[in-house]
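Have a look at the structure below before the remarks.
Read-outs: derived from the displayed coordinates by stated rules, not from any lab. None of these values were measured; they are calculated from a predicted model. Don't worry about glycine lacking a Cβ; one is built from the backbone with ideal geometry, like all the others, and counts go over all protein chains shown.
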Amino acid sequence: MCGVRWMLLCFKREFVESDALRLWEACWARHQTDYFHLFICAAVIAVYGEDVVQQDLMADEMLLHFSSLSMHMSGNVVLCKVHPICWFLNDWIFLQQYCCYHYF
């Protein structure tokens with residue numbers, strides 16, 4: 001739910017302008033994947049979502065929680081988290097395509 005909002009607004013309401021521009025540039029570069037914007041959403045949740053789990057928030061409360069973080073999130077922290085997530089997923093896809101997982 002939060003990811004849809006972030007993609008529609010292109011992160012411009014969640015991050016200060018310089019961070020939003022850096023995130024856009026990372027998306028447009030398509031360095032590791034054409035779906036880098038989805039990994040940015042996953043990284044935001046990974047970095048800032050601990051309160052959601054601890055407080056067992058409902059969907060509407062999650063949206064409110066992440067909306068309250070607007071302009072208080074660090075684009076650098078999120079970008080640092082994105083790359084390990086991408087590498088993990090790329091390794092997982094490689095293993096599924098080329099290893100023994102087909103026998104299960």
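General remarks:
- Cα→Cβ-extended label distance, 7 Å offset, between Glu25 and Ser74, nm: 1.9
- Taking Cα centre as origin and charging only the Cβ of basic (Lys, Arg, +1) and acidic (Asp, Glu, -1) residues, the dipole magnitude of segment 21-79 rounds to 340 debye.
- Each label point was placed 7 Å from the Cα along the Cα-to-Cβ direction; for Ile85 and Gln54 their separation is 2.0 nm.
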